[in-house]
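First up is the structure itself, then whatever we jot down about it.
The values are calculated or read from the model by the stated rules, or taken from the named source; none is laboratory data. Note that the structure is predicted; figures quoted are calculated from it, not measured. Don't worry about glycine lacking a Cβ; one is built from the backbone with ideal geometry, like all the others, and counts go over all protein chains shown. Remember, those area values only see protein heavy atoms, side chains included, never the ligands or the DNA or RNA. Shrake-Rupley method; radii C 1.70, N 1.55, O 1.52, S 1.80 Å.
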Amino acid sequence: MLDYDFDIFVANAAVNEGGPLGEVPMRNFRELFEVNVFSTLETAQIAAQKFVAKGEGKIIFMSSMAGIMATPYVGPYTATKHAIEAIATTMQKELEGFGVKVATINPGAFATGFNDRSAEAKWKWYDEKIHFTKKEDMEEADKALEDQYDPADMIAKMVEVIPLDSHKFRTAYPEETEKQMKEEEAKRWEMEI
């Protein structure tokens with residue numbers, strides 16, 4: 001990658017798997033972190049070093065609404081996207097003095113098949129005879145995927161935002177997703193256990 005000249009790096013690699021955090025096999029959890037966090041940061045570091053040497057550039061982390069929100073049975077993926085949010089926020093502060101911009105894009109649930117595969121993946125290891133999580137609860141949560149957005153809209157938004165010289169640090173899309181994220185985050189400050 002260092003042999004090529006580029007001005008914008010989009011960290012977009014990700015895998016997704018759902019399931020209850022109290023029971024998800026750790027090998028599955030580790031695999032998500034390996035791809036979504038460790039490999040993402042490793043490639044972003046290459047871009048950061050190139051951009052610092054040039055004195056300019058932009059790194060965009062493809063996060064998710066899951067980077068801010070916490071949804072039952074989506075915890076493995078959510079944990080990785082929370083990590084990406086922390087990485088992006090920290091890198092933004094660390095790199096701005098070098099002329100390098102860092103931002104996130106946080107899509108809502110788009111009908112690309114990515115979310116559906118995630119919901120299906122847990123059924124490969126889950127066994128209601130041995131696991132305490134209720135199958136019905138996970139099936140009920142999966143119904144949220146019945147109303148996903150058209151991915152063409154997200155692609156258009158990315159094409160609009162990525163090349164801009166200036167924009168918000170976080171681009172959540174569509175607007176309903178941004179509103180949901182803000183409301184969810186605000187609730188955490190008032191939540192009691």
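Counting Lys and Arg as +1 and Asp and Glu as -1 over every other residue whose Cβ lies under 13 Å from the Cβ of Glu128, the net charge comes to -1. The residue list Val15, Ile46, Tyr149 was ranked by how far each Cα lies along the charge dipole of the chain toward its positive end, using unit charges on Cβ atoms, and Ile46 comes out on top.
The chymotrypsin sites (Phe, Trp or Tyr not before Pro) of the stretch 1-70 meeting both criteria, a DSSP state outside H, G, I, E and B (loop) and at most 13 other C-beta atoms within 10 angstrom of the site's C-beta, are Tyr4, Phe6.
The stretch 126-167 and the stretch 4-35 have their alpha-carbon centroids 14 Å apart.
Kindly report the accessible area of the chain per residue (heavy atoms of protein chains, probe 1.4 Å, no ligands, DNA or RNA), in Å².
Values: 11380 Å² over 193 residues.
Here the per-residue accessible area is 59 Å².
Residues whose amide H comes within less than 5 Å of that of Arg170, counting only those at least five positions distant or on another chain, are Thr104 (H built at 1.01 Å from N in the peptide plane). Put simply, the amide H of Val100, placed in the peptide plane, has no neighbours under 5 Å, leaving out anything fewer than 5 places away on its chain.
Could you give the size of the charge dipole of the stretch 17-70 about its Cα centre, using +1 on the Cβ of each K and R and -1 on the Cβ of each D and E, expressed in debye and rounded to the nearest 20? Let's see the in-between values first.
On the way: 5 positive and 6 negative charges, 55 e Å.
The calculated dipole for the stretch 17-70 is roughly 260 debye.
Using a probe radius of 1.4 angstrom, the carbon and sulfur fraction of the accessible surface of the stretch 3-81 is 55%. Using only side-chain charges placed at the Cβ, +1 for Lys and Arg and -1 for Asp and Glu, the dipole size of the stretch 102-193 relative to its Cα centre rounds to 380 debye.
With both labels modelled 7 Å from their Cα along Cα-to-Cβ, the Glu120 to Glu184 distance reads 2.3 nm. Computed over protein heavy atoms with a 1.4 Å probe, the carbon and sulfur contribution to the accessible area of the stretch 84-141 reaches 52%.
Sequence-ordered 3J(HN,Hα) estimates for the stretch 164-173 from the Karplus curve with 6.51, -1.76 and 1.60 and θ = phi - 60° stand at 5, 6, 9, 6, 4, 4, 10, 10, 9, 8 Hz, glycine and proline given as x. Each of Phe98 and Ala144 was given a label point 7 Å from its Cα along the Cα-to-Cβ line. The distance between the two points is 3.6 nm. Each residue of the stretch 114-122 was assigned a 3J(HN,Hα) from its phi angle through the Karplus curve 6.51 cos²θ - 1.76 cosθ + 1.60 (θ = phi - 60°); the sequence is 4, 5, 5, 4, 4, 5, 6, 4, 5 Hz, with glycine and proline shown as x.
Close amide-amide hydrogen proximity is noted between Tyr149 and Ala109, Phe110, Ala111, each under 5 Å apart and 5 or more residues distant or on a separate chain (H modeled in the peptide plane; Pro and chain starts excluded).
Converting phi to 3J(HN,Hα) with the Karplus coefficients 6.51, -1.76 and 1.60 and the offset θ = phi - 60°, the stretch 76-91 yields x, 5, 4, 4, 5, 6, 4, 5, 4, 4, 5, 4, 4, 4, 5, 4 Hz in sequence order, with x at every glycine or proline.
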